[in-house]
1. Please give the number of the condition residue 158 fails out of (1) among the β-branched types (Val, Ile, Thr); (2) loosely packed, with under 13 Cβ neighbours inside 10 Å; (3) touching a Pro at 6+ places or on another chain (Cβ under 8 Å).
2. Kindly list the number of the only condition in (1) β-branched (Val, Ile, Thr); (2) in a strand (DSSP E or B); (3) free of Cβ contacts under 8 Å to residues at least 24 places away in the same chain that fails for residue 132.
3. Return yes or no: is residue 182 closer than 14 Å to residue 117 by Cβ and in a loop (DSSP other than H, G, I, E, B)?
4. May I ask you to list the residues in region 82-106 that are under 30 Å from residue 207 (Cα atoms) and surrounded by fewer than 13 Cβ atoms within 10 Å (Cβ to Cβ)?
5. Tell me, which residue of region 191-200 that is within 30 Å of the chain's Cα centre (by Cα) and surrounded by fewer than 21 Cβ atoms within 10 Å (Cβ to Cβ) is nearest to residue 115 (Cα to Cα)?
6. Can we say residue 215 is in contact with a His (Cβ under 8 Å, 6 or more places away or on another chain), within 27 Å of residue 88 (Cα to Cα) and not in a loop (DSSP other than H, G, I, E, B)?
7. Any idea which of 188, 169, 138 is part of a loop (DSSP other than H, G, I, E, B) and more than 30 Å from the chain's Cα centre (by Cα)?
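Please treat every number below as a calculation from the coordinates, not as lab data. Predicted model only: the values in this text are computed from it and were never measured. Cβ sites come from the backbone with ideal geometry, for glycine too, and all protein chains shown count toward neighbours.
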Amino acid sequence: MIVVETRRTLAILVVLLAAGSIVACSTGSSAPNAPPSAATTSSPSASASTPAASVAGDASASIAPATPTATELSAMKLTSRAFADGTDIPRQYSCDGGDVSPPLAWDGVPADAKALVLIVDDPDARGFVHWVAFDIPPTPAELPEGASTSDSSLHEGTNTFGKHGYGGPCPPSGTHHYRFRLFAVRAPLGLSNAPTADKVLAATEGQVIADTTLTGLYHR
């Protein structure tokens, strides 16, 4: 009996010792008071949404404000006592009449403009140019009727007719639009030899402060 009891006692001890070892091993594998590793740490400031927000912020910061157009910078306006914007140009200013340049007047020219440029073309005829004038003084604020031939101080270029000065509307048929485009520039262009409209416009690059357009119609 003593032997049997002894064996039972040893068996119980073995079971208890084994259970203690299992508890010790499981307890040692997780340290409750140990700080989480850097690989598993998630900081509130480094959440998944943060990179997207910072990228969007950088993109918006890199976009420069839109540059105002010339018409936003000035209320410059071009008019003619011979015709209103969008109405017919009288016959006397065409090739069917006297072919004289119409009277023009302007206002709202920016104070820092030192000269004006005038280009008259026909967009219905692939931009056929009828008049090129440049280095026009802002004041007096007008070109009188017939200025193309009567004002010797007016700087004029070559039109698509191949002539110096003004050439009036002369469409083959139908109704055409004629744009009188006026540009205010920072300094006189100083061009010579009756330049074409392309050369004049190229010289105005980066110099235009404001612009405006008066459109007349002519039909045959």
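1. (2) is the only condition that residue 158 fails.
2. (3)
3. no
4. 84, 86
5. Once the filter is applied, the top-ranked residue is 191.
6. Numbers: in contact with a His (Cβ under 8 Å, 6 or more places away or on another chain): yes; within 27 Å of residue 88 (Cα to Cα): yes; not in a loop (DSSP other than H, G, I, E, B): yes.
Taking the combined requirement at face value, the residue satisfies it.
7. It is 169.
Yes/no matrix, rows are residues, columns are (1) surrounded by fewer than 17 Cβ atoms within 10 Å (Cβ to Cβ); (2) farther than 21 Å from residue 94 by Cα:
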residue	(1), (2)
129	no, no
135	no, yes
142	yes, no
152	yes, yes
162	yes, no
181	no, no
209	no, yes
